[in-house]
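See structure below.
Every read-out reported here was derived from the displayed coordinates using simple, explicitly stated rules and does not represent laboratory data. Just so you know, these numbers come straight off a predicted model, no measurement behind them. Cβ placement follows ideal geometry from the backbone for every residue including glycine, while neighbour counts extend to all protein chains displayed.
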Amino acid sequence: MTDKAEAAAIARRGQQLTLALASAIRTGAYYDEGNTVMRQAVSSLARVLAEASAENGAVSVGIRSHCVFVDKVRVPTSVSTYERFTFLVQLFDVWSITEMTFNAGLSDSELMSALLLVSREQPVQGGPGLSTLLTTKGVEYIVVEEIVQAEDEAESVGPGPLEVSAIVAYSAAMQLGGELGKVAGSIEPGMVRRVRHVTQAVVDEIIRDPASVLSLTTIKDYDKYLVLHSTNVAVLSTVLGQRLGLSKARLGELCLAGFLHDAGKLGVDPDILQKPTELDDREWEQMRRHPLLAAYALLGKQRLTASNMRAVVVAFEHHLNHDLSGYPATEIKKSVSLFGSIVSIADVFDALTTARVYRDINFTPADAMVEVIKRSGTGFDPVLVKLFAQVMGLYPPGTVVVLTGGEAGVVCRPPAVGLPLDRPKVRIVVGEEPGVVRDLYERNGSGFVRDILAVLNPSNQGQMPAVDPEVLRLLN
Amino acid sequence: MDRMAPSAERESVGKICTAMHHAYRGLRLFPADHPSARQSIDTLVNSVTSHVENMGPVHLQIDEMRVLYENEQVYSYEGSRDNLAFLMFRDGIRALSFHPDVEPWEIEALVDALSHADDLGDIDHDLATTLWEHELIHIEYEVVDPFLTGGRELRAAAIEELRETVARRLGELSPANVAAGLGGGGFGAAGEGDDNPQDGPVGPAEEGSQAESVALSQADIEMIEQIVADSSEALDDFAVVLLEIIGAGLETPEGDDALIQALSLVCQQCMDLGNTDGLSLVLERLEALEGEGRRPAGFASGVIGDAVTPARLAKLIERMGQASMQEAERMERLLGRMREWIYPALLGTLVENNDKSVRKTVLALLHTESGIPGQYLWPLMHDTRWYVVRNAVQLARGSTDPELPVQLERLLRHPDERVRREVIRSLDVIGGARAAPLLARALQDEDAAVRTLAVRSLGRHGNRGHFAAVSARVETREFETRSSEELEAFLQAFALLGGETTIDTLNKMWKRRFFGTRPLPLRLAAVQALGLIPARAARDSLGEAAKSNDAQLQKAAARALAQGQSRGGEARS
């Protein structure tokens, strides 16, 4: 194992190479070979590659489990690199490759050819793989490792393993949330361990494809609010944490903390929890105790591991505002912890997007996002709010929108990383092609093919499911 | 039909399992960098990489006590202890796979996790979580869970429920609804208060300004990266939350037990890490809450007392020796504040620790004018080790506990003279009517130092009633054979307690005799003792001694006279 300083240097070099590669490929999508910008991007990348391959005669960039590796060393991601890393992961996925190896002696012209190929062309099903295409372009010093797809996989239709796994993980978390809701008093150690395993599965799915899991949080059912809420808060928190660049272990802790944040409600009178109308003062007084009760419940029988400690902290803090107003009242706290800040945003967002009988008008996800943004600085950490908006878009999944052209549908995916926040993907529900997904970033000359005309709130339910029900039917 | 693995493959997998077992045992027995441990790990790495390179991935099935490959047993071990299959099975792992390109560090991480699997229960962690946190890319494992990997019916029911909800909800969206929504009021209308959504959809202008308001600047990105890099340890946030909770005054069915345990753990970790800031914060909060009556008396001592063990305390004191002077002083002040709550640990360290500097620091912390409560010291006074008893006696000095003289009386018969000497010193501090009889008893001790200390103390605290005990020792034949120090002490006490009645005896001691002169030390001591008697006869005797032919006697007498005059001058003034 290399020592810390050497490891940090390797990580930095890996990051530099990954960013240069991603930038150069994206540049290739917009600029031609003769363009100065493109030439500069290529020569910049070539320099980095030459340096990286000097020692071993080659350098490889690989993708495994949605993580980037340079010469088999994992390159950590952060908020500033997330966009380009994600781009590279998706590009490799599109081309069905796991690794690109750049050999010493690679010329600028070969590199240019390769970059333009991957950025501008699309793989054709049944057609030649990237390796063959590179060869036909005369690229010899770049070798790719392609994923060999089994025959039955190639022919299968319906949901891929990706979507199945997300649904399985989510439904497992949902079921566990239901079991947790039946437990009175403190949470047994065995239960926490189960929660940990299930939340790890959720984290794995979020790392693979955050949008898949995010869409599941839009399946709101009033009767099951308490059961679903803990899962949704866990998911929303983890998605935000992933964008922050938290490590997998920290994401596991965050997901667990998000899942258990309302453990204190186990000690609150169920009649108060399920009251369909607004609470009176006495009832509010009881409700305000639940963060303390949650902390006690989690302290009760658990060993004090880092993850359990963070769960206690989050349970205590999740109704504390960024400016330390809110509840419970504090005397010595100087700030809300990072995890507490993340979970409080997720908690409020999920609560706002859940229809309540006592509200005259329920929030659409777009409304909820506006509300979250409004509370930036007082209620929520302003930087985290911005990041949350980047993750969810201005029209988060579950928003019902009417598009120019007369179609209406539900936002099913937020905008891809780096794209405008008001350009999500929409699954059409009302229109000529129900079920089809429209990418609002799709261009038509200098403009866009479609725009959002209006946001709807059908039956005053606020949020609509962003999941295609057919996917769920096929699973069964 | 189950595939039968070719024998070469099976044999290779068997070797992997054997190597894994040896590597596991190696790490259990030796540190990771020990040659034996390293060799066993290297053997495992070679066997795994060789197999996956030549024969492809390895998929193992984990049974309760054995490992299977292609339904054939490739590993088993007698009993559950040290049985790799059991370790994994117990934590829910049912399958383990090694894939091509598996890295040596991944294999080592796996074995390391296995070697610590038994320790994980103590911290409520589990093997699957450890492996998950390692992010092993080329090693996969399957964890059983009713919903994740089994329980088809349960899962199907849950997913069906989701599907129905989705279908029902989406059914509410129809062309009529869309038209109605566009026509008027289908989306949010203006409401009162903060919790109502805004009026109408967000138009392009508003979208634009919103998008701008949430755009991440470079400064934001740098701040985020700093937040993530600096994100506090779980313990720091946890400690603050606990300190908030203890002030909240919320009554719970389980009472304070969980809080005390958790806070105690926080203190333990602060001490282990040398985190004086954290420890100081905890102390301040505990003191404040007890002072305000918001926490019952004894709460703080319960927290701190549980946390501070002799071993932990010793380590902290050792760390103080390596810290800067400022930091060391700070730590010492903190320990001083905690002193009353950690007597058992302090005394335990004093008793058990071999490091002189540690004991010195502990003694300094323990010494106090009010002394240490007797309940902590009496058990130590029954210890079989003389130095333990000695230290306990020393620390008991200044105590007003009525039990103390009883203990000291018993210890006057202690076999070790060093203990008995300390007892005398403590009696000297006690003084008065409680100590004098015991001091008198000690005049017969077999140890000269004990006798000397006792008689000196008796001279200060005794009265006329104790003169006889001193006199009895002075008038023995072997008295003059004692050391000069003892002679001086006894004769001084003799003079102080007996006053003028002792002048004749003292005169006989210093004057020359016809047949054999007494030893010089005795004569000198007698002259010095005469100086303590404020009587004319004593002064006359000293005057006579000052004119004797013995130069040393002359000096001693002259000095005694001068001291007597100055005492007399002080008395007059």
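Values of log10 I(q)/I(0) for region B:368-462 across q = 0.15, 0.25 Å⁻¹ run -0.48, -1.33, by the Debye formula with one identical scatterer at each alpha carbon and no solvent. Calculate how steeply helix A:189-208 sits against the longest principal axis of the alpha-carbon atoms of chain A, using the helix alpha-carbon long axis, and give the answer as 0 to 90 degrees to the nearest 10. Compared with the principal axis, the helix lies near 40 degrees.
Roughly how crowded by other chains is peptide B:129-138, in terms of the mean Cβ count from those chains within 10 Å of each of its Cβ atoms?
Numbers: counts 9, 1, 1, 9, 8, 2, 8, 1, 7, 3.
Mean shielding by partner chains, rounded to a whole number: 5.
With respect to chain B, whose longest principal axis is taken over its alpha-carbon atoms, helix B:386-395 is tilted by about 80°.
For region A:350-431, the convex hull drawn through the C-alpha positions has a volume of 105 cubic angstrom per residue.
Please list B:459-467, A:460-468 highest first by mean number of surrounding beta-carbon atoms within 10 Å per residue. Don't skip to the answer; put the middle values down first.
Values: B:459-467: 16.7, A:460-468: 25.1.
Order by mean packing, descending: A:460-468, B:459-467.
Using every Cα-Cα pair within region B:478-573, state what percent have a distance larger than 22 Å. Percentage above 22 Å: 21. Remark: mean inter-chain Cβ contacts per residue of A:380-387 equal 4, using a 10 Å Cβ-Cβ cutoff to other protein chain atoms.
Among the trypsin sites (Lys or Arg not before Pro) within region A:331-383, those in coil by DSSP and having at most 12 neighbouring Cβ atoms inside 10 Å are A:Lys334.
Mind checking the mean number of beta-carbon atoms from other chains within 10 Å of the Cβ atoms in A:394-403? Mind showing how you got there, number by number?
Values: counts 6, 3, 0, 0, 1, 1, 8, 1, 7, 0.
Per-residue shielding by partner chains comes out at 3.
Every Cα-Cα pair of region B:7-143 was included, and the share exceeding 20 Å stands at 40 percent.
Relative to the longest principal axis of the Cα atoms of chain A, the long axis of helix A:82-94 makes an angle of roughly 60 degrees.
Output the direction-averaged projected area (hull surface divided by four) of the convex hull of the alpha-carbon atoms of chain A, in nm². It would help to have the intermediate numbers written out before the result.
Numbers: hull surface 102.4 nm².
Mean shadow area of the hull around the Cα atoms is 25.6 nm².
Per the Debye formula on identical point scatterers at the alpha carbon atoms of the protein assembly as shown, with no solvent, log10 I(q)/I(0) at q = 0.05, 0.08 Å⁻¹ is -0.49, -0.92. Scalar couplings 3J(HN,Hα) for region B:216-227, obtained by applying the Karplus form with A = 6.51, B = -1.76, C = 1.60 to θ = phi - 60°, are 8, 7, 4, 5, 4, 4, 5, 5, 4, 5, 5, 4 Hz; x denotes Gly and Pro.
Ranked by the mean number of other Cβ atoms within 10 Å of their residues, highest first, the peptides A:361-369, A:88-96 fall in the order A:361-369, A:88-96.
Filter the GluC sites (Glu not before Pro) in region B:285-341 to those in DSSP coil with at most 11 other Cβ atoms within 10 Å of their Cβ, and list the result.
Details: sites: B:Glu287, B:Glu290, B:Glu292, B:Glu318, B:Glu327, B:Glu329, B:Glu332, B:Glu340; in loops: B:Glu292.
Hits after loop and neighbour filter: B:Glu292.
Here is the size of chain B from its Cα atoms: Rg then Dmax, 41.8, 143 Å.
Per residue, the average separation of C-alpha pairs within less than 8 Å and at least 6 apart gives chain B a relative contact order of 5 percent.
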